[in-house]
Each structure stands twice: as structure tokens, then as C-alpha cells.
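Colleague: Pasting in a structure now, in C-alpha cells, and then I'll have a few things to ask.
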Amino acid sequence: MTIKIIKNRSDIGAGTRGSDMGIDAIEIAAINQGNDFFNRYPFEDVPTSNESIYDKVKNSFAKRIGQVVNQCSTLSACIMKSIDNDYFPLVLSGDHSSALGTISGVKAAAPEKRLGVVWIDAHADLHSPYTSPSGNIHGMPLAASIADDNMDCSTNVVSDETQKFWNAMKNIGVDGANIKAEDIVFFGVRDTEEPEDKQIEKFGIKNFMVAEVRHRGLKVCVDEALERLKDCDWIYISFDVDSLDCDLISYGTGTPVAKGFDQHEVIEIINGLMASNKIACLEFVEVNPLLDNKGNKMAETAFEVLDAVNLSQV
């Protein structure tokens, strides 16, 4: 299968601007190393609506939700078409709201297949507009993917317009949920709010925390993750760079969290999953060079991970 790089420079789902520049920052890291990675594969640029950041926010519990729906729908169609044309989509995105578009595109390409998700991230991203403390949609893609509003924990009264767009988000790609909540596995999640904790508990979502991975062994945890997803036909991997330890690596991401993985651990996690031959798509998100306190360190580290992924197994 041929790899195709999908460049999705959208950051409208984030709370801070700049992750739209993350893809170019990763490419610059490759160029500075004299690495031809980005010349090896065909690529596609996804149109964006980043100019919408200048629009007045009308949906405070789901900011710019109309534009996010459009972005995820556009990305979903791109991913579906790529898979239909026998490409493996290697997705580089700005903020993490895009993951909904990616997941829905993979699902739409093969609705009959059961899709699992491995979420390498500091955050669970299980909020809905009814529970979100920030209204930033990069904290909601998994809630939309499982089509669960978590109304038991609702604190926000959302507008009819927000409800309309949120319902549209939950039905991108296929009607209803793209994935089952029990087919999600977390690696490194360590910054959650109570509504997300209750969802994790309700659905029995496994979170391999950093300390557990180091104590029990990385291979053991990866093997257990694959065992939990054994009934899935395909697996999508989402790598948010805030899963990395910001103090060790860099603060070049929108929501940095300390005590995360190092890049070598992430490489081993991804390659352990790739060896299953079930991976249908891999996505990198949330590199923000505007916030980097060490030059272009986060993008350089993201490229180190990208370049070390064993893509021969797709």
C-alpha cells in the first residue's frame, strides 16, 4: 500500500492559535536535517477555514462549531477517498478536533469494519458542548466519534444552533457513532475533568498511564492494548504531541502537561501497534511552533517520531 501524506492545517478547534503552522514546522525540521521524508510520498493539502478565527464566537460552549463541522467533513471525504484509492493516510493536522474527521473518513471507507482507536495524548477529549469547561472543540472529538453527549454530567445550556451542529458532528462519515467507546485505548492520558473521568469509568476505557507503562513494561502494555482491540478489524492511531513530557521536550503545543512520555517511548508504542498489521491510519497533531520555548524543538521531536515509524508495515 502506498502512503499518502494528508496535510490538514486547521487550528480552529483549539484555544490558542498556531497549530496550523505545525505541519510546516515539522517539514522544516526534516529539511534542516537534510532528510527527504516529505519527498518520498504523494501528499494532499486539505482546504481550511482558519480565517474564521476572526468571526465573533456565537456558540460559546462549542466555539466555531459550524466551521469545525465543515472542516471535519472535508477531511473525512479526503481520508475516505484516499483509502478507496488504496492509500494509507498519514495525517498531519493542526488541532485535535480534526481527529473526528479522520476517524469518520476511515469508517466511511469501510462501514462494515469495526474500528478501534489508540489515543496517545495527555487529554481524554471526551467532552461534549454540554460538559466542556472551555468550549474548545479539540477537547471533543472522541465524544463526537462515540456519539455520546454525557448528559448525566451536563453543566452547559447550549443553543439550538449548537445542538444542530453537534448532531451533525456526530453523524459525519456514517450515521451514528463511528466507533464503540470500548474500542478506545488511551496511552498517557493524565489531565482530565470529572465528566471525562465518569465516561472513562462508565465505558471501561483503558488508560495506560506513563507510570504504568514504565513499571510494567512498554511491550506488555502495547500487547494488552492490542488484545483489548482484538475484535477490531482496523485501528487508527492518534498521536498528540502533548502526550510528551513538556519539561523534557518543549512547551510547543497548545495544552502542555508535565510528566509525559519521551519520544523513544512513543516511537516504541506506535511501532508495536504497527506490527499488528491492523493500522489503517496514523495522525500527528497539536505541534504549535508559536508556543515553543526551545526554538523548533517540538516539531523536531515530532519529526523524530515520524521518521522512526515503521511505515513498511502498512
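Colleague: So Pro141 ticks every box in (1) out of contact with any His (no Cβ under 7 Å at 6 or more places or on another chain); (2) within 14 Å of Cys72 (Cα to Cα) but one. Which box is left unticked?
Modeller: Single failed check for Pro141: (1).
Colleague: With the requirement that a residue be buried (at least 24 other Cβ atoms within 10 Å of the Cβ) and not aliphatic (A, V, I, L, M), what does region 116-131 give you?
Modeller: Quick first cut of region 116-131, residues buried (at least 24 other Cβ atoms within 10 Å of the Cβ) only: 116-129, 131.
If the condition is that a residue be buried (at least 24 other Cβ atoms within 10 Å of the Cβ) and not aliphatic (A, V, I, L, M), then Gly116, Trp119, Asp121, His123, Asp125, His127, Ser128, Pro129, Thr131 are the ones that fit.
Colleague: Looking at Asp152 and the list (1) free of Cβ contacts under 8 Å to residues at least 40 places away in the same chain; (2) over 9 Å from Ser128 (Cα atoms); (3) charged (D, E, K, R), which single condition is not satisfied?
Modeller: The single condition Asp152 does not satisfy is (1).
Colleague: Name the single residue, out of those in region 141-167 being within 20 Å of Leu115 (Cα to Cα) and small (Gly, Ala, Ser), that is surrounded by the most Cβ atoms within 10 Å (Cβ to Cβ).
Modeller: Filtering first and then ranking leaves Ala144.
Colleague: Would you point out the residue of region 10-65, among those that are under 22 Å from the mean Cα position of the chain (by Cα) and of a type in the set (Phe, Trp, Tyr), that is farthest from Thr253 (Cα to Cα)?
Modeller: Tyr41
Colleague: Name the helices (runs of 4 or more DSSP H) wholly inside region 92-182 in which the number of residues that are on the phi < 0 side of the Ramachandran plot and touching a strand residue (DSSP E or B) at 6+ places or on another chain (Cβ under 6 Å) is 2 or more.
Modeller: Helices (runs of 4 or more DSSP H) meeting the threshold: 98-109.
Colleague: Just give me the residues in region 8-54 being of a type in the set (Lys, Arg) and within 15 Å of Asn288 (Cα to Cα), in sequence order. Before the answer, list the steps.
Modeller: Going residue by residue through region 8-54, those that are of a type in the set (Lys, Arg) are 9, 17, 40.
Once the filter is applied, which keeps residues that are of a type in the set (Lys, Arg) and within 15 Å of Asn288 (Cα to Cα), region 8-54 yields Arg9, Arg17.
Colleague: Sticking with this one: Just for region 183-196: of the residues that are more than 17 Å from the chain's Cα centre (by Cα) and surrounded by 14 or more Cβ atoms within 10 Å (Cβ to Cβ), which one is nearest to Met151 (Cα to Cα)?
Modeller: So in region 183-196, the residues more than 17 Å from the chain's Cα centre (by Cα) come out as 193-195.
Checking which are surrounded by 14 or more Cβ atoms within 10 Å (Cβ to Cβ) leaves us with 193, 195.
Working: Glu193: 15, Pro195: 9 Å.
Selected residue: Pro195.
Colleague: May I ask you to list pairs of residues, at least six apart or on different chains, whose Cβ atoms are under 6 Å apart, with the first in region 169-195 being closer than 19 Å to Phe208 by Cα and the second being basic (Lys, Arg) and assigned to a helix (DSSP H, G or I)?
Modeller: Cβ pairs passing all conditions: Val185/Arg228.
Colleague: Of all residues in region 35-81 being charged (D, E, K, R) and assigned to a strand (DSSP E or B), which is nearest to Gly135 (Cα to Cα)? Give the derivation first.
Modeller: Initially, region 35-81 is screened for residues charged (D, E, K, R), giving 36, 40, 44-45, 51, 55-56, 58, 63-64, 81.
Next, only the ones that are assigned to a strand (DSSP E or B) stay: 44-45.
Numbers: Glu44: 30, Asp45: 27 Å.
Step by step, filter region 35-81, then rank; the result is Asp45.
Colleague: State all residues of region 275-298 that are under 13 Å from Ile23 (Cα atoms), crowded, with 17+ Cβ neighbours inside 10 Å and over 19 Å from the mean Cα position of the chain (by Cα); if no residue qualifies, say none. Full working, then the answer.
Modeller: Let us first name the residues in region 275-298 that are under 13 Å from Ile23 (Cα atoms), namely 283-290, 296, 298.
Remaining after also requiring crowded, with 17+ Cβ neighbours inside 10 Å: 283-289, 296, 298.
The one that is under 13 Å from Ile23 (Cα atoms), crowded, with 17+ Cβ neighbours inside 10 Å and over 19 Å from the mean Cα position of the chain (by Cα): Asn296.
Where a number appears in this text, it was derived from the coordinates with a stated rule and is not lab data. Predicted model, so just to flag it, every value in this text is computed and none were measured. Backbone-built Cβ (ideal geometry, glycine too); neighbour counts: all protein chains shown.
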